[in-house]
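Notes follow the structure.
The values are calculated or read from the model by the stated rules, or taken from the named source; none is laboratory data. Given the structure is predicted, the values throughout are model-derived calculations rather than measurements. Ideal geometry is used to build each Cβ from the backbone, glycine not excepted, and the neighbour counts take in all protein chains shown. We work out accessible area using only protein heavy atoms, side chains counted, and drop any ligands, DNA or RNA first. Shrake-Rupley method; radii C 1.70, N 1.55, O 1.52, S 1.80 Å.
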Amino acid sequence: MLTTLRRIVLEFNQEAELDTALAQLVLHVKQAMKTDCCSIYLADYSKQSFLLKASEGLAKEALGRTNIGFSEGVIGLVGQREEPINIANAHLHPHFKKIPHVKEDNLKAFLGTPIIHQSKVLGIISVQQEQVRNFDENEEAFLVTLAAQLASALANAEARGMLGQKKDHGKWVKQLVGIAGAPGLALSQAIICQPDADLSSISLLKANDSQHEKQRFYQAVLKTRVDFQYMSEQLAQILSDDSLDIFEMYKHLLSSASLADEINEKIKLGWNAESALKLIIDRYVVQFESLDDVYIRERGSDVRDLGNRILFNLQQQQQQGHQKQQLPENFILVAEDVTAAMLAQYQHKGLQAIISLSGSNNSHAAILARALGIPAIMGVDPIPLDQLDQQTVIVDGYSGELFVAPDESLQAEYQHLISEEAVLTEKVRAAVDLPTITQDGKAIELLLNAGLASGFEHSVRSGATGIGLYRTEIPFLERQSFPTEQEQTQLYKQVLSAFPSQQVTMRTLDVGGDKALPYFPIVEENPFLGWRGIRITLDHPEIFLVQIRAMIRASINLNNLNIMLPMIASVNEVDDALNLINQAYFELKDELKDGLCTVRNEKIPRPKVGIMLEVPSVIFQLKELAQRVDFFSVGSNDLTQYLLAVDRNNPRVSSLYDAYHPAVLRALNVIAQESSKYLVPLSLCGELAGEPAGAILLLAMGYDKLSMNPHNVARIKWVLRHIDYQRSQVILAHALTLSTAKQVHGYLNEQLENLGLGGFVRAGM
Ligand code: PEP
Ligand code: MG
């Protein structure tokens, strides 16, 4: 049954035209379930009705012209209830609506199930049978499973179809909504950035010129063949003939007429070369994987590898095309998955905003975009990238809205909002060097989060009074092997000496989770609950000790280092880490005494050591932890993820990830109260600190320091300088009584508007 299901979904995905795909789908389901009829209805929200799109069994003339209201008939009931409905004789059901022209008089039994994508009913799939009977459990399970698998494919197809259709009329405006990744507005031309050569990340697109696509594919195959020839010649000197067999197999596959024919067939159907390649390679891989023979099954990955190679060459052609074409002065970067490297590459070349089809609010790219003050929209529903290329688009990074090819009046409206935003930014910048003191005299320190990407932060005159979080993992991520003690010392010295009169808090290596070192791969089913942060470094004291030694050596003569430990979940981890830090410190002292250390200064400074509070368990052990360390810093990004059990990078659950969830706010408040009781200095270095409403709440809770990206320091300073501490406490007191995140957001937005600070959280002053 599973194979039948996979085959049906795969075939649905392989079809270029939605109508044909649906027609085939109903036919295949009818055959697989041995019923008398299968139909698909698609929801049309503008008309509040379901449209009969495809059917095997109902009258053909009813297709495309039968609308059933959302609250009409058994179809409407399935949509309303959002669950399968199984009726032995639908004609006797109180909701049955007779529609003569569909000709279903003889179809009695009915089973319908909704097709739901991201909580939205996209359509209904139903099967009907002449015989009066209830469909059995297996049949019901089959249809429900099929509908679930179909949902994202249908959402994809719908998005593809929608853009294409409107463009044909010459003046479409398309409004899409993604996740608001970084605040700000932009209106500019969209430029597409190709992803790495990975077939699985390719979304299916159509092209206008099949002949051109055929030519592109042919060129890519030729180039791939030359690549393989070159590689096998190079490797022949090192490897045995057996090991080189794989290249022979690749070359054989490349020359096989059937592969090329099949891909050309898909191109003829309207797919672009990349999509045609993906469709055929995916089909081969599924075929290989369904075989019993383990050896042959594994050849599936060879085929995929070959596909990725050809894809690489197809993408090279595109990139060469782009390089020939001058980048416009200002542009908005669009990619399947915007990476930190792309941001680094384009940030000084006119980049106005980013649109990433995947990822969410807490993805590395979004965090980096916020740090750079570049508006970002993440996790947009699949859109055909090639249709966006060179289009004028508007990005509203406050709301996550994206307008493609906006008309003149919408452009004028946004131009106005953009100039208002620029005025506000100017005002904020003018106050960057003033102290952070509320209107009624309460002072709070604003610090910088640094180390996210090399070189970014120093370009900004931030107005911060130190570094609250230096993420050391980035230099580790950008290399081919672990950096040596000497290399690390030099790097840390650069950072510490850039802020000689300010405290710099360096966090020890926090890899694992979503940050994997290329030379230290960790493969886990649940990486965020796995080997991460302090867990790795305690298991590898040789890595930890080298890093601590490098940090301490770098701080000699500067004396401004604090060390911070990430992902602490238990007291014993702190004890073990402190023992290692002591060991490193005393070893260095001895080396100095014995003349092994080349430092002239007699004194090696002893850094303060603190921990990050980001695993919920520590909230209940603050007393014991307070006895051991010099400071606490809350990592609200991870604390939110672990408290709410929501993966911070998963767009599917991104609406559940919310640092304003009452449970998170109450936890932050408890931490503040307990830290004050045990006299431990407390800061917060997650994204919440850099948000206007978050900063007001944290001020009221009593946090001593807020650490944020360079772009936000000036904005938060402005916000805090325009509020009373007493007023913030009233706001906090009420926020803590609310029961849902939605209520909290509503209340805080209202308060920001009342305070005249609304321009920081939405478009316009
Ligand atoms: C956090 O978890 O809030 C934090 C600051 O650390 P990171 O985002 O690097 O995990
Ligand atoms: Mg963290």
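Is it the case, given these coordinates, that Ser454 is surrounded by fewer than 12 Cβ atoms within 10 Å (Cβ to Cβ) and modelled with pLDDT under 90? For Ser454, the condition - surrounded by fewer than 12 Cβ atoms within 10 Å (Cβ to Cβ) and modelled with pLDDT under 90 - is not met. Consider region 333-366 and keep the residues that are within 16 Å of ligand 2 (Cβ to nearest atom) and small (Gly, Ala, Ser). The one that is most open to solvent (accessible area, probe 1.4 Å) is Ser363. Considering region 655-691, the residues that are open to solvent by less than 30 Å² (accessible area, probe 1.4 Å), in a loop (DSSP other than H, G, I, E, B) and among the small types (Gly, Ala, Ser) include one that is nearest to ligand 1 (Cβ to nearest atom), namely Gly686. For Asn572, the conditions (1) within 16 Å of ligand 2 (Cβ to nearest atom); (2) open to solvent by 50 Å² or more (accessible area, probe 1.4 Å) all hold with the exception of (1).
When Gln411, Gln415, Gln390, Gln439 are checked against the criterion of being farther than 26 Å from Asp704 by Cα, more than 21 Å from the chain's Cα centre (by Cα) and not in a helix (DSSP H, G or I), Gln390 stands alone in meeting it.
Residues that are assigned to a helix (DSSP H, G or I) and away from ligand 2 (no atom under 13 Å from the Cβ) within region 617-640 comprise Ser617, Ile619, Phe620, Gln621, Leu622, Lys623, Glu624, Leu625, Ala626, listed in sequence order.
Taking into account only those residues within region 202-258 that are among the small types (Gly, Ala, Ser) and assigned to a helix (DSSP H, G or I), which is modelled with the lowest pLDDT? Restricting to residues being among the small types (Gly, Ala, Ser) and assigned to a helix (DSSP H, G or I), the top hit is Ser243. What about Ala700, is it away from ligand 1 (no atom under 15 Å from the Cβ) and either at pLDDT below 95 or in the same structural domain as Gln503 (by TED's automatic domain parsing) (or both)? Answer is yes for this residue. For region 350-367, filtering for residues that are touching a Phe, Trp or Tyr at 6+ places or on another chain (Cβ under 8 Å) and at pLDDT 80 or above leaves 5.
Does Leu644 meet the test of being open to solvent by 30 Å² or more (accessible area, probe 1.4 Å) and within 16 Å of ligand 1 (Cβ to nearest atom)? So Leu644 passes the test.
When residues in region 365-419 are screened for being free of Cβ contacts under 8 Å to residues at least 40 places away in the same chain and either touching a Pro at 6+ places or on another chain (Cβ under 8 Å) or of a type in the set (A, V, I, L, M) (or both), 1 of them pass.
Among the numbered conditions (1) in contact (Cβ under 8 Å) with a residue 60 or more places away in the chain; (2) farther than 23 Å from Thr505 by Cα, the only one that Ala645 does not meet is (1).
Within the bounds of region 734-744, is there any residue that is of a type in the set (Ser, Thr, Tyr), open to solvent by 30 Å² or more (accessible area, probe 1.4 Å) and in a helix (DSSP H, G or I)? Within region 734-744 (the criterion being of a type in the set (Ser, Thr, Tyr), open to solvent by 30 Å² or more (accessible area, probe 1.4 Å) and in a helix (DSSP H, G or I)), the answer is no, since none of the residues qualifies.
Test Ile522 against the stated conditions and say whether it is under 32 Å from the mean Cα position of the chain (by Cα), surrounded by 14 or more Cβ atoms within 10 Å (Cβ to Cβ), modelled with pLDDT under 95 and away from ligand 1 (no atom under 15 Å from the Cβ). Yes.
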